[in-house]
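What follows draws every value from the coordinates through simple rules; no lab data is involved. In this text, all values refer to a predicted model and were calculated from it rather than measured experimentally. Using ideal geometry, Cβ is built from the backbone for each residue, glycine included, and neighbour counts are taken over all protein chains shown.
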Amino acid sequence: MTDAEATTPQRWQTTLIASVLVFAGLLVLFRSTAAGMVYTWYNFETYTHGFLILPISLWLVWHKRAYLAGLTPQPSPAFLLSVLGGLFVWALARLSGVQVVEQLAFVAVVISALTAVIGWQVARFLTFPLLFLFFAVPMGEDLVPPMMEFTASFTVEALKLSGIPVYRDGLWFSLPSGNWSVVEACSGVRYLIASVVLGTLYAYLTYTSYLKRTLFIVASVIVPIIANGFRAYGIVMIAHFSDMKLALGVDHFIYGWVWFGIVIFIMFYIGSFWRDSE
């Protein structure tokens, strides 16, 4: 065993300790930003997945431990420039009150600082687990209005094709059986965000081809948008033919999540036919 091989485990031990300390230190320094993210995860169902992002990233790193053992961590001080850049953006966002940019900058600082500690060679191998941390940032609220509009248009057109008379006024529409409106919870943003997170993770774990990964991630964006349109249409149809007794209240949301689970399962099942060997 060479001296380099003998010191690699010790260097990994030192690097892991340094990484934990750096991460903990950044959480303390940016505690208000981190607390804002946790508050959003806890209080808004759309972003509850944020609690899972860090554990998943750590699991992805652990999953590659056998490969990492063959690498020697070597700090890369050059990435401190990225840390400074992230701090500058964070400060500007903080002053201007743009919370999403502030949180994105915070995550960028964390990734850059960890890269400086573990080194470019190791960080390049862990590119996905590190970048996956950006999914912890609660974002996507700007998509709500256009997706509400799409859902309303899709539902109304589908009802017309089904031969059901419908009158629309903005996000409100009326059927002979009752009145409906597309509210924020019906926009499908929560399904879209969940699909993109799951789809990106699935693409990384299932494919080695960048083309396949890209195509599956694109599908994870398009499929839930269209599926949400069918979900809204299906709920209206169930309520219409049950004389407004079914698919209302709690049923409305239960059917939504059941439908989302079915769609995701089918998407993953079809995607498995093109699985790459590891």
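Per the Cα gyration tensor, region 157-204 maps to an equivalent ellipsoid with semi-axes of 32, 13, 7 Å, ordered largest to smallest. Across region 143-232, the volume of the C-alpha convex hull divided among the residues equals 92 Å³ per residue. If R0 is 45 Å, the Cβ-Cβ spacing of residue 84 and residue 211 corresponds to a FRET efficiency of close to 0.80. Karplus-derived 3J(HN,Hα) values for region 134-139, using 6.51 cos²θ - 1.76 cosθ + 1.60 with θ = phi - 60°, are 5, 5, 6, 6, x, 8 Hz; glycine and proline are entered as x. Counted residue by residue at 0.36 nm each, then reduced by the alpha carbon distance between them, the extension gain from residue 153 to residue 184 reaches 9.7 nm. In plain terms, the chain from residue 219 to residue 52 could stretch by 57.9 nm, reckoned as 0.36 nm per residue minus the Cα-Cα distance. Debye sum, Cα scatterers, region 122-271, no solvent: what log₁₀ I/I(0) at q = 0.16, 0.19, 0.20 1/Å? Ignoring solvent entirely, the Cα scatterers give -0.89, -1.13, -1.21. Fully extending the segment from residue 164 to residue 270 would add 34.8 nm, taking 0.36 nm per residue of separation and subtracting the current Cα-Cα distance. Converting phi to 3J(HN,Hα) with the Karplus coefficients 6.51, -1.76 and 1.60 and the offset θ = phi - 60°, region 110-123 yields 4, 5, 5, 5, 5, 5, 4, 6, 7, x, 5, 4, 6, 4 Hz in sequence order, with x at every glycine or proline. The dipole here belongs to region 1-97: it is taken about the Cα centre, uses +1 on the Cβ of Lys and Arg and -1 on the Cβ of Asp and Glu, and is about 120 debye. Our summary of shape: the Cα atoms of region 15-80 have principal axis extents of 42, 27, 19 Å, ordered from largest down, in whole angstrom. Between 161, 87, 192, the GNM of the chain built on Cα springs shorter than 10 angstrom shows 161 fluctuating the most.
Any chance you could list P(r) for region 1-119, counting all Cα-Cα pairs in 10 angstrom bins from zero, rounded to whole %? It works out to 12, 36, 32, 15, 4, 1, in whole percents. Of interest is the spacing of the C-alpha centroids, which for region 72-137 and region 167-186 amounts to 44 Å.
If you line up the long axis of helix 210-241 against the longest principal axis of the chain, both from Cα atoms, how many degrees apart are they, to the nearest 10? Orientation of helix 210-241: about 30 degrees from the principal axis. Between the helical axis of 31-43 and the longest alpha-carbon principal axis of the chain there is an angle of about 30 degrees. Derived value for the chain: Kirkwood hydrodynamic radius 21.5 Å. Basis is the mean of 1/r over every pair of different alpha-carbon atoms. Loop sites by DSSP among the trypsin sites (Lys or Arg not before Pro) of the chain, restricted to those with at most 16 other Cβ atoms within 10 angstrom, leave 65-244 as the longest stretch without any of them.
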